[in-house]
Structure formats: C-alpha cells, structure tokens
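A short worksheet on the structure shown next.
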Amino acid sequence: MNNFLNLKDINYNDLRKIIKDSKKRKIKRKNLHTLDLDKDMPLKGKLLIQMFEKSSLRTRLSFYLAMRQLGGGVHNLRKDELHLGQGGESIKDTAKIISIHGDIFMLRTDSEVKILEFKNNLDIPLINGLSPNSHPAQVLSDIFTIEEIKKKKISNLKICWIGDCNNVLNSLIEASIKFSFKLNIASPKKYCHTKIFNLINSNKKLIKFFTDPKQAIFNADVVMTDKFVSLNDKVNQKKKKKDFKGFQVNKELIKNAKKDFIFLHCLPANRGEEVTSEIIDGKNSVVWHQAENRFHVQKSILLYCLKKLR
C-alpha cells in the first residue's frame, strides 16, 4: 500500500503517473453523468472512510465523487461522533477499527501528530486531506490544472504565490522542488517561518522570496493566492489583515504578470481581501475549473494508494 501524506515523500515518477492517469480518466468521463461509474470500476467493493476535524466543502465532495465513480463506497466520520479523544479511545485503537472496516482512510486534521499516529497504526493507506503543514492533494490537482490550461509542463512556467505562508504554500514549495518549476513567493517576511526560508535557501535556482508583490508577480504565467487568515489561525486577525493589505491580487497588481496569466485560488475566498471579485470572476481566472479537477486527480490518488495505477 502507499500513503499520500506529503508531496516531498512521493517519487516524481509516481506523481507523474497520477497526473497522467487523471488526464485519461477525465477524458473518458466526457459524456457521463455525475454518478455514472467509470467503466472499469477499479475500486468496486472498496470502502473509503473519511474523517473531518476541520470544515470541508471541496475535499469532502471531491473525495466522495472520486470513490463513487471508481465503483467504491464512502463513509464520513466526524470527530464529535467518535470516542476518540474525549471518550478515552486512543488513536491506535481507532486506527485498528478503521482498518478492519475500511480499505483506505482520508484524514482532514488540525494536528500533524495525529497524521503520524494514524500512519503508524493503520493497516490501510492514509491520505492527508489537509493538515496544518500540508495540503498535497490540492497542490497536485493545481499542477494538473495548470498544465491542462497552459498546455505546457509546469517546469516551463513561472508560478507566483502571493499571500500567507500556510499549508498550501508548504506543499507548493515541495512541488516546486519535485517538478523543477520556478516559484516566486510574496509575503510579509514575519509571517514566513524558518522551515520555508531553509527550503528557499537550499533551492535558490527555483524559489525566490519577495516582500514586494509587484516584483514577485513580474512576468508570471500563473498567479496563486489563499485567504490571508486561515481557519483556526491563532493570530491577531485584524493586525494580520492590515499587514497583508498591499498583497491583494487586483487589477493593478496583475498588470505586472503576463497578459495570458491564469489565476488560481484553492477556495474558500474572502473577496475584497486577498483577491477582488473582478479577478476571481475575470477572464484569467480558472478557479472553478481548478475546483472541478480535484475529484479527477483524487481518483488517481486513490488508485495510487491501493496500487491500482496502470
């Protein structure tokens, strides 16, 4: 079995196989309805168990559709429905029960420790649906979207991230190193932690850091952002939003990007803060296409985890 926890831990060739399989499966679904099954039904009889400790819309829906279309079933768990934690049942015991009943487990969590504990105690594959330090399924899907729209390998494109140094950026940095694409990051310096700067300093040919978003976005093929204040972000939100005031993606800032740039946002978006409605709804925006591609890519992630990628 294969886990899908962080992009840095997965072989480049395997990441490419996931993207290649996603492309094939998306094409084959062109004339099918949402709940029509893929003709090969490679995961018939398999059960995906999902647990959400944090709010979820896209991840919940996309993994559900992914598993259903592959022929399998899905069961969702909420933390407050289990004995885990408050009821005194350990993660080890919870993992054993999940392993008995399911074939693959997806966890969206507020704790890196829980990811590690489940990994060490599950007998089935584990997928990181989002954690404080990583959002690998989102970023791999973003790469798929970028290459699909631009019709080029991402290694031939210049990517610009403007905004907070969060879990999505962590995975994007890991992807930059794996896929060898140029990544410019624009953020107030004090919001980026040492780990990010260590990775930047170790990969200076690929990754550059700016405190001026106009410099970072110059000649960019792809512009990406996320909420300035993430869910459960334990900071002075009013002060943080003030510090990020000059980092909004708007019509003035995008003048510095290439004319045919594309805009991505993993959503949910705070319109009027990190991005204006004019941009997110504009001709260069591919955010809805990006959201749709989540379940195409996650189908191939599920197959990778269960060693059924062809």
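The values are calculated or read from the model by the stated rules, or taken from the named source; none is laboratory data. Given the structure is predicted, the values throughout are model-derived calculations rather than measurements. Cβ placement follows ideal geometry from the backbone for every residue including glycine, while neighbour counts extend to all protein chains displayed. The accessibility values were calculated without ligands, DNA or RNA, using every heavy atom of the protein model including side chains. Shrake-Rupley method; radii C 1.70, N 1.55, O 1.52, S 1.80 Å.
Quick look at the numbers
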quantity: Qualifying residue in segment 77-98 (condition: under 21 Å from Asn293 (Cα atoms) and not acidic (Asp, Glu)); calculated: no
quantity: Total residues in segment 71-96, condition in contact (Cβ under 8 Å) with a residue 12 or more places away in the chain and of a type outside the set (A, V, I, L, M); calculated: 10
quantity: For Asp123: the one exception among (1) surrounded by fewer than 21 Cβ atoms within 10 Å (Cβ to Cβ); (2) outside any loop (DSSP other than H, G, I, E, B); (3) not hydroxyl-bearing (Ser, Thr, Tyr); calculated: (2)
quantity: Number of the exception - Lys242 against (1) assigned to a loop (DSSP other than H, G, I, E, B); (2) open to solvent by 40 Å² or more (accessible area, probe 1.4 Å); calculated: (1)
quantity: Elements of type strands (runs of 3 or more DSSP E) in segment 126-238, at least 1 residues being at pLDDT 95 or above and either surrounded by fewer than 16 Cβ atoms within 10 Å (Cβ to Cβ) or aromatic (Phe, Trp, Tyr) (or both); calculated: 158-162, 207-210
quantity: Tally of residues being at negative phi, hydrophobic (A, V, I, L, M, F, W, C) and either without any contact (Cβ under 8 Å) to a residue 12 or more places away in the chain or assigned to a loop (DSSP other than H, G, I, E, B) (or both) across segment 266-277; calculated: 2
quantity: Options Asn156, Asn128, Asn120, Asn133; residue that is polar (S, T, N, Q) and closer than 30 Å to Asp260 by Cα; calculated: Asn156
quantity: Members of segment 263-284 found to be under 20 Å from the mean Cα position of the chain (by Cα) and buried (at least 21 other Cβ atoms within 10 Å of the Cβ), listed by number; calculated: Phe263, Leu264, His265, Cys266, Glu274, Val275
quantity: Any hit, segment 250-265, residues being at pLDDT 95 or above, closer than 30 Å to Gly102 by Cα, part of a helix (DSSP H, G or I) and not basic (Lys, Arg); calculated: no
quantity: Residue list for segment 250-262, restricted to those being more than 23 Å from Glu148 (Cα to Cα) and open to solvent by less than 80 Å² (accessible area, probe 1.4 Å); calculated: Asn250, Leu253, Asn256
quantity: Selection count, segment 47-96, where residues are within 29 Å of Thr34 (Cα to Cα), open to solvent by 40 Å² or more (accessible area, probe 1.4 Å) and assigned to a strand (DSSP E or B); calculated: 4
quantity: Filter result for Ser99 (surrounded by fewer than 20 Cβ atoms within 10 Å (Cβ to Cβ), assigned to a helix (DSSP H, G or I), small (Gly, Ala, Ser) and touching a residue at least 24 places away in the same chain (Cβ under 8 Å)); calculated: yes
quantity: Whichever residue in segment 297-309 is open to solvent by less than 10 Å² (accessible area, probe 1.4 Å) and not hydroxyl-bearing (Ser, Thr, Tyr) and, among such residues, is farthest from Asn166 (Cα to Cα); calculated: Leu303
quantity: So Glu89, is it in contact with a strand residue (DSSP E or B) (Cβ under 7 Å, 6 or more places away or on another chain) and of a type outside the set (S, T, N, Q); calculated: no
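Residues checked against (1) touching a residue at least 12 places away in the same chain (Cβ under 8 Å); (2) farther than 27 Å from Val287 by Cβ:
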residue: Asn2; (1), (2): yes, yes
residue: Leu5; (1), (2): yes, no
residue: Asp9; (1), (2): no, yes
residue: Asn13; (1), (2): no, yes
residue: Asn31; (1), (2): no, no
residue: Leu37; (1), (2): yes, yes
residue: Lys54; (1), (2): yes, no
residue: Arg60; (1), (2): yes, no
residue: Gln69; (1), (2): yes, no
